[in-house]
Amino acid sequence: MATLEGVPPSELSDRLDRLGGPEASRPSASRTEEGGVFPDLPNAVDGKVVLRLAPFPNGVLHIGHGRLLFVHDYYRTRYHGKILLVFDDTIGSAEKRVEAEFFDLIRGDCELAGVRPDAILYKSDRVEAQYPWARRVIEKGGAYVCRCPADTLRENRAKGSPCPERMQTPSETLDAWERMLANGYGPGEAVLRLRTDLADPDPAFRDRVLFRISDLDHPRVGRRYRVWPMLEFSWAVDDVELGVTHVLRGKELVIEDRMERYIWDLLGVAGPPFLHWGLLRVREAKVAKSKANREVRSGLYDGWSDPRTWSLRSLDRRGISMEALRAFILSFGLSLADIEVAAETLYAENRKRIDATTVRRAFVADPVPVEVEGYPFDLASVTLPNHPDRPELGNRSVRAGPSFYLARKDVLGHLGEEVRLKDLVNVRLPPADPAPGSAIRAGFTSRENRKLPRLQWVAREGAVSVDILGIEGDHAEGLAERSVASARPRDILQFERVGFVRVDDGWSAGTSPVRVVYGHP
RNA sequence: GCUCCCGUAGUCUAGUCCGGUCAAGGAUUCGGCGCCUUCGACGCCGCGACGUGGGUUCAAAUCCCGCCGGGAGCACCA
């Protein structure tokens, strides 16, 4: 369980002093309704908490970002604080580029998730705010300009051996730094590095890069800046300047805490404490941003809400509510443990919310025509409840025989047997599958409800053709009962024995087939 | 390899800070039964866990030490 994990001993004792002793700051925690435990934010003052949500704009938000969103939103609510949406759009790299379209898409994702930021900022507007801090670090002797090739730099870091540049005096560094800012170097020719300790036991912490040069065109600020800060440095600056009171991030970013603190200590400024959560993986969700981007662009995926992306949009499209996702995610608490959970748990959470209010409809996949000989004349239609356990959801009238469609799988599984057409009559299927193309001829046997295998059916008259977009991007064709034709986009239905589906937003009502997206069992 | 983090049922989680109320609670899965949704929704019932070895103690999931296992970081990405 996370408590004051992110806080170094030195800082901790400092805090205890300010608070008047250990009792005052003993970490305690609260539980959400879902069962997750969230520790108190250290020294949080109700109404004064400022959090920041910092996505990198190179993709839409997916299920994994849900934790980022909902944990921040949880603490905002708990402390009546504010959330800054800060697009972390420093220049990135050739492989990981800032892309213009995602600014709006991500804002839309936040909206969708119900996490409305109190302010929206852009790192690309704050580049110049970084430079004075860089200068202060250099003047303190905390950094040097390194002109080694990236490979050499990496090797030296691994071996713990210094490069000659490390001997620079602050004024030499300042000159080199000014030259960087004045376009004296090309990309990759010089970086500003923090001077830590090359003997630091953690190789990851040795003389990290603070600024580098990039010629990439930025969608918001173009080529106005060439010297861009790295994430750690920019946050060391902005967490302080933006008045962030608590930093919440995934534990893959713990070393960044140390970097920020190192810089604050060097400059003698105070910064906010850090809290972390562990890695969350949803087993079924193979989240690969770059692949998703490629496939959306190539048209192989059906937009940013293709189910294969596991984007928040795709979950919404499938009829999985953001409230269900929120409950699912908050149930994990702020644990540092790495978790891998099955999507089934999320589905269960969603079912709790929609089952009681979702109407049932008959759907038959891979339909084969079946004629029932001797079918009773008075059963041209029947009235069925919209929900087996919820009479308040009403009834609907459904066309019936004598001409039906049954699922091929059902027919083949019961050849020669007597079966019950659910809620209707009993029939005997022929012993063998007749020639393809012609209708199967079944014989009416009786009407009473007997203990027979029950088959889903759809009347031939009024059958509606339906296309189900599956989780793997696959399409299943089939026929549904007539009432499905009058569904509206975004309606959620349960196709009995198939699962919950949502009528696709992109479907124009009245056209055939009815397009639905599969949600979950 | 180095650094950090984490180990409660198949999975997720509560309990661990402050040892006894924990013969370990909840959710989900799974199994059985019920049901005019068949394995598939729903309802009822049930199985199932403190990684391991040692230590401290009247008493250990909880404290201490070793071991084992899992994850992350070691980018001029974020």
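Nearest 0.05, what FRET efficiency do A:A204 and A:E340 give at R0 = 25 Å with Cβ-Cβ as r?
Using R0 = 25 Å, I get an efficiency of 0.55.
Enter the Cα centre distance for the pair region A:37-92 and region A:311-372, rounded to the nearest angstrom.
25
For chain A, with the dipole built from +1 on Lys and Arg beta-carbon atoms and -1 on Asp and Glu ones, taken about the Cα centre, which of A:P219, A:L280, A:L325 lies farthest toward the positive end?
With unit charges placed on the Cβ atoms, the residue in question is A:L325.
Setting aside same-chain residues fewer than 8 positions from A:K451, which lysines have a Cα under 23 Å from its Cα?
A:K409, A:K422
Remind me, relative contact order of region A:129-228 in percent, using alpha carbon pairs under 8 angstrom and six or more residues apart?
27
Place a +1 charge on the Cβ of each Lys and Arg in chain A and a -1 charge on the Cβ of each Asp and Glu, then give the dipole magnitude about the Cα centre in debye, rounded to the nearest 20.
In debye, rounded to 20, chain A gives about 560.
Report the semi-axes of the equivalent ellipsoid for region A:358-520 in whole Å, largest first, where each axis is √(5λ) for an eigenvalue λ of the Cα gyration tensor.
After scaling each eigenvalue by five and taking roots: 27, 18, 14 Å.
With a/c under 1.5 counting as rounded, go ahead and sort region A:167-241 into rounded, prolate or oblate using the C-alpha gyration tensor (a ≥ b ≥ c being the square roots of the eigenvalues; past the cut-off, prolate if a/b is larger than b/c, else oblate).
oblate
Write out the trypsin sites (Lys or Arg not before Pro) in region A:295-376 meeting two conditions: DSSP loop, and at most 15 other Cβ atoms within 10 Å of their Cβ.
When the trypsin sites (Lys or Arg not before Pro) of region A:295-376 are filtered for loop state and at most 15 Cβ neighbours within 10 Å, nothing remains.
As an exercise, identify the GluC sites (Glu not before Pro) in region A:202-293 lying in DSSP coil whose Cβ has no more than 15 other Cβ atoms within 10 Å.
When the GluC sites (Glu not before Pro) of region A:202-293 are filtered for loop state and at most 15 Cβ neighbours within 10 Å, A:E284 remain.
Testing the spin-label approximation: label points 7 Å from Cα along Cα→Cβ at A:E418 and A:K286. State their distance in nm.
Calculated label separation equals 4.9 nm.
Can you compute log10 of I(q)/I(0) for region A:229-362 with the Debye formula, treating each Cα as one identical point scatterer, at q = 0.15 Å⁻¹?
Scattering profile of region A:229-362, log10 relative to I(0): -0.92.
Taking R0 as 51 Å, what FRET efficiency do you get between A:S465 and A:V45 from their Cβ-Cβ distance, rounded to the nearest 0.05?
In this case the efficiency is close to 0.25.
Sequence gap at least 6, Cα distance under 8 Å: using those rules, report the relative contact order of chain A to the nearest whole percent.
12
With contacts defined as alpha carbon pairs under 8 Å and 6 or more residues apart, what's the relative contact order of region A:358-520 in percent?
25
How large is the dipole of region A:291-393 about the Cα centre if only Lys and Arg carry +1 and Asp and Glu carry -1, each at its Cβ, rounded to the nearest 20 debye?
Value, rounded to 20: 600 debye.
Determine the share of chain A's accessible area contributed by carbon and sulfur atoms, expressed in whole percent, with a 1.4 angstrom probe.
51
Calculate, for chain A, the solvent-accessible area per residue in square angstrom, rolling a 1.4 angstrom probe over the heavy atoms of the protein chains.
With the other protein chains kept in place, chain A gives 44 Å² per residue.
To the nearest Å, what is the center-to-center distance of region A:275-296 and region A:454-500, using C-alpha atoms only?
30
Counting only Cα, what are the radius of gyration and maximum Cα-Cα distance Dmax of chain A, in Å?
Values for chain A (Cα only, Rg and Dmax): 30.6, 101 Å.
Using the per-residue mean of other Cβ atoms lying within 10 Å as a proxy for protection, in what order, highest first, do the peptides A:453-461, A:394-402 fall?
A:453-461, A:394-402
Using the alpha-carbon atoms, what tilt in degrees (0 to 90, nearest 10) does helix A:9-19 show relative to the longest principal axis of chain A?
90
Place the peptides A:138-147, A:164-173, A:341-350 in order of packing, highest mean first, counting for every residue the other Cβ atoms within 10 Å and averaging per peptide.
A:138-147, A:341-350, A:164-173
Which value, in debye to the nearest 20, describes the size of the charge dipole of region A:129-228 about its Cα centre when Lys and Arg Cβ atoms bear +1, Asp and Glu Cβ atoms bear -1, and nothing else is charged?
Magnitude of the dipole: close to 280 debye.
Return the Rg/Rh ratio of region A:391-434 with Cα-based radii and a Kirkwood Rh.
Here Rg/Rh amounts to 1.08.
With point charges of +1 on the Cβ of Lys and Arg and -1 on the Cβ of Asp and Glu, referenced to the Cα centre of chain A, which listed residue (A:V191, A:F500, A:A204) lies farthest in the positive direction of the dipole?
Of A:V191, A:F500, A:A204, it is A:F500.
Between 0 and 90 degrees, rounded to the nearest ten: what's the tilt of helix A:231-241 against the longest Cα principal axis of chain A?
For helix A:231-241, the angle is close to 80 degrees.
The values are calculated or read from the model by the stated rules, or taken from the named source; none is laboratory data. Computed from a predicted model, the values in this text were never measured in an experiment. Here the Cβ is made from the backbone with ideal geometry for all residues, glycine too, and neighbour counts use every protein chain on show. Protein only, heavy atoms only, side chains kept; ligands, DNA and RNA dropped before computing areas. Shrake-Rupley method; radii C 1.70, N 1.55, O 1.52, S 1.80 Å.
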